[in-house]
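Everything on this sheet refers to the single structure shown next.
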Amino acid sequence: MTSPPETPTQDILTTCPLDCYDICSMVARRDPDGALTVRGNPAHPVTQGRLCARGNRLVHRHLSDERVTEPLKRVDGTLVPVSWEQAIREIADHIHAALTKTGPLSIMHSYDYGSSGVLKLLCDRFFHGLGGWTETVGSICWGAGLAAAEYDFGVAASHAPEDLAEHAQTVVLWGRNVAVTNVHLLSYVRVAKARGAKLVVVNSLPTGLDAEADLVIHVRPGTDGHLALACCHALIQTQRVDTAFIADAVHGYADFCKVASAYALEGVADYCGVEPELIDRLAGLYADGATATVLGIGLQRHRHGGQLIRAINALATITGQMGKPGGGVHFGNRHLLPFIDWDFIQTNRRPAAPTRQFARTTQALDILNAKPGIEVLFVSRTNLVSQLPDSGTTRRALESLPLVVVIDSFLTQTADHADYVLPCALFLEEEDVMFNTMWNPYIGYAHAVCQPVGKAKPDWAIFRDLAKALGLQVDLDIVPRETIREAFGEWMSDGQFKQLLEDGYLRLPVPHVPFLDRHFPTSTGKVELFSERARRESGEPVVKLPEWTSARPGDYPFSLLTVHPKWQENSQGEAALYAQVDPVAEVGPGVLEAIGARDGDMIRIITETGAIVCQARVNRSGRSDVVQLAQGWSRGYENVNVLTSIQTSDLGIGSAQYDTWCRLEKVARATS
Ligand SMILES: Nc1nc2c(c(=O)[nH]1)N[C@H]1C(S)=C(S)[C@@H](COP(=O)(O)OP(=O)(O)OC[C@H]3O[C@@H](n4cnc5c(=O)[nH]c(N)nc54)[C@H](O)[C@@H]3O)O[C@H]1N2
Ligand SMILES: Nc1nc2c(c(=O)[nH]1)N[C@H]1C(S)=C(S)[C@@H](COP(=O)(O)OP(=O)(O)OC[C@H]3O[C@@H](n4cnc5c(=O)[nH]c(N)nc54)[C@H](O)[C@@H]3O)O[C@H]1N2
Ligand code: SF4
Ligand SMILES: [Mo]
């Protein structure tokens, strides 16, 4: 009989690093033979032992033989391996020269949320140490909606998942693709349904939950604000608003009523492409009892996405849903932000250096027009070419720069334009704490499970080495666990920190029902349907939607929604099943016939910005004026953002990639 291997099987707690609502707790297991697996932590109240397809595949991504495992430098157009010493020395020389020639604003850092790790933001200490830099601000994800929530409620705050499960009489999934993007919300919705709660889906596309819903509204893209105001108008006219809540906790109701009075049901229904009866039923549900409005992020990626969200916020407000168990508007959870001492993470509490700010949405144009120009661009935790609107302009901007340094673990479309690619450690390979403000109130610890692959290093260690090479006084010689402990500050007891380390997660102490005391952190302390701040920052104190006549450009009759893919996180498709299949555009009935094509044919999607060819599929339940194409794929194909254009949202510093119009052409008949 052979004896068992020396190393016992080990379970180590970690947390999904993806920028996802759910922030799942994971159990990583190393078997004696070295095999590595992850599964959902059964003890975590939200994860409940289950991961989504993206989470399950993360371990394959980590082990992928496509990983960049050593620093690469572009020589004669080709990326070739170099030592860390050489890469760091040469990049430091470039920075030194740029600082001398132009000053710190010629150094730019473009980053996004490729990882939820808190220690990922330590790199800001490096940039502060330079004495300034050009940074990216705002969001290509959710800027407009956050601004809307701040104007109306003071802060975007979701109710606890349990509150929705136990108290909502109606759950409205308004533009959130829960079965794909927020799968752990499903069990709470189902508990609510089992209690008798109604489920409503308002979406421009068919969703995986339509069959379970009591009411489905497939609204024309970008018209949800009109639809919400039509509900408000109907409720105001029939006196089905919550007068006590309005008197107690709402500022600007009379001004709001004037605006809403222009939104009579019939005209609006036609504009939204929806039966008036469906809007009336939705209004009735809001008036009838506790209604949880679960807002998606996609529906605010329209040019007037901020005002659209303000209109929906108003519907929840006048029906008294705010601060009510089972009610609320769920759009992010920004009241979690103060639990981390961001100043400590980003500056180690040293004086902040001045920055120049480029909006994330417009950064490619800003680079092209920058004065002083950018000499050195660092890109980390983002795949700019794939994910920013208008890939062509992004590519031009990157090519215009003297030096581009990409810190990533894969050769992305952005790395195609890099002078240096520096390999970063990933999930499983470094200790961190995962934090985001999208939905549930948990944070998750990520214990290191194994060494970084090859010569990869944690992001902070790369900047530590660069700082040393430049002789900068920055605090990046850190011990992760100590830095994480200090980042939580005094609100967290040693006992709670121990619990976080041992359980792998901790629930942050925020109320199940935000605003229960009817105090809102706005200037009046009330919900502000009339907001001075909104007037100051956007010119419009009360919700204001575009004229109903605003029609699509004639040559481009279809709205193109480039939504989040099921099988992968944005462009992080390495090791994803999805990346191995061809991209497919989904269209409603009648669309293909009009261009002489059939289900399965190849079509060309053409916008004012670009064109791509892909296969077409008919979805009989879809609208006939919308084309759905998941974003994120690129391998062997162009990415969807060659089709989108750079447009900022009305509120906040957001992006309007979903305001894209297209026409279709048949290319060839499918062979199968
Ligand atoms: N599987 C998977 N999950 C993800 C991600 C991923 O890439 N893949 N990404 C994560 C990230 S970064 C984010 S921001 C979230 C986003 O997740 P969600 O909030 O669910 O939304 P998006 O996918 O951004 O937006 C697309 C949804 O909005 C709908 N929509 C678009 N325009 C309109 C409109 O005008 N009106 C209405 N009513 N509906 C509209 C689309 O049909 C689609 O269902 O998902 C996260 N989760
Ligand atoms: N057309 C269209 N465009 C969109 C969207 C859409 O729905 N349609 N959605 C938008 C939204 S909501 C978002 S959030 C953005 C997402 O935009 P990005 O954040 O740019 O998207 P990802 O594709 O997730 O790219 C993250 C990159 O970070 C890398 N990475 C992962 N972990 C680490 C790490 O620890 N360190 C470093 N240095 N790198 C790491 C990954 O390998 C990957 O290349 O895209 C936006 N763009
Ligand atoms: S991607 Fe989201 S749902 Fe999937 S495992 Fe990670 S946190 Fe959970
Ligand atoms: Mo996002």
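No value in this document is a laboratory result; all are computed from the given coordinates. Values in this document were obtained by computation on a predicted structure and should not be read as measured data. For neighbour counting, all protein chains shown are included, and Cβ atoms are generated from backbone atoms with ideal geometry for every residue, glycine included.
Here are the numbers for the structure shown:
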{"quantity": "Residue exposure sequence - 75, 421, 667 - by fewest surrounding Cβ within 10 Å", "calculated": "75, 667, 421"}
{"quantity": "Over 32 Å (Cα to Cα) - which of 324/544; 193/544; 198/666; 120/544 fall in this group", "calculated": "193/544; 198/666; 120/544"}
{"quantity": "Three principal axis lengths of the chain [C-alpha, angstrom, descending]", "calculated": "72, 68, 62"}
{"quantity": "Helix-only [θ]222 nm of the chain, DSSP H runs n ≥ 4, -39500 (n - 2.57) each, per residue, nearest 500", "calculated": "-8500 deg cm²/dmol"}
{"quantity": "At 1.002 mPa s and 20 °C, Stokes D of the stretch 24-152 from Kirkwood alpha-carbon radius, µm² per second", "calculated": "111 µm²/s"}
{"quantity": "Only Lys, Arg (+1) and Asp, Glu (-1) charged, at Cβ; the stretch 418-571 dipole about Cα centre in debye", "calculated": "480 debye"}
{"quantity": "Once the Cα gyration tensor of the stretch 301-435 is diagonalised, semi-axes √(5λ) in Å", "calculated": "35, 22, 17"}
{"quantity": "Rounded Å value of the spacing that divides the Cα centres of the stretch 202-246 and the stretch 28-63", "calculated": "38 Å"}
{"quantity": "Summed residue charge, Cβ within 11 Å of residue 324's Cβ, Lys/Arg positive, Asp/Glu negative", "calculated": "-1"}
{"quantity": "Size of electric dipole in the chain: Cβ of Lys, Arg +1 and of Asp, Glu -1, about Cα centre, debye, nearest 20", "calculated": "460 debye"}
{"quantity": "Under 18 Å from residue 468, Cα to Cα: lysines that are on another chain or at least 8 residues apart", "calculated": "457"}
{"quantity": "Proximal aspartates and glutamates to residue 526, defined as alpha-carbon separation beneath 13 angstrom and excluding residues fewer than eight positions away on the same chain", "calculated": "150, 152, 248, 517"}
{"quantity": "Computed FRET value (nearest 0.05) for residue 533 with residue 80, which takes r as the C-beta separation and R₀ as 41 Å", "calculated": "0.20"}
{"quantity": "Hydrodynamic radius of the stretch 199-288 per Kirkwood, over alpha carbon pairs, in Å", "calculated": "13.8 Å"}
{"quantity": "Counting all C-alpha pairs of the stretch 146-270, share separated by more than 21 Å (%)", "calculated": "52 percent"}
{"quantity": "The chain: antiparallel DSSP beta bridges as a percent of all, rounded to 5", "calculated": "45 percent"}
{"quantity": "Cβ crowding within 10 Å averaged over residues, with 301-307, 78-84 ranked highest first", "calculated": "301-307, 78-84"}
{"quantity": "Positive-end residue of 167, 105, 433, charge dipole of the chain with Cβ unit charges", "calculated": "167"}
{"quantity": "P(r) of the stretch 226-350 over all Cα-Cα pairs, binned every 5 Å from zero, in whole percent", "calculated": "2, 10, 18, 21, 18, 11, 6, 5, 4, 3, 2, 0"}
{"quantity": "Residues 170, 522, sorted so that the one with the fewest Cβ neighbours within 10 Å comes first", "calculated": "522, 170"}
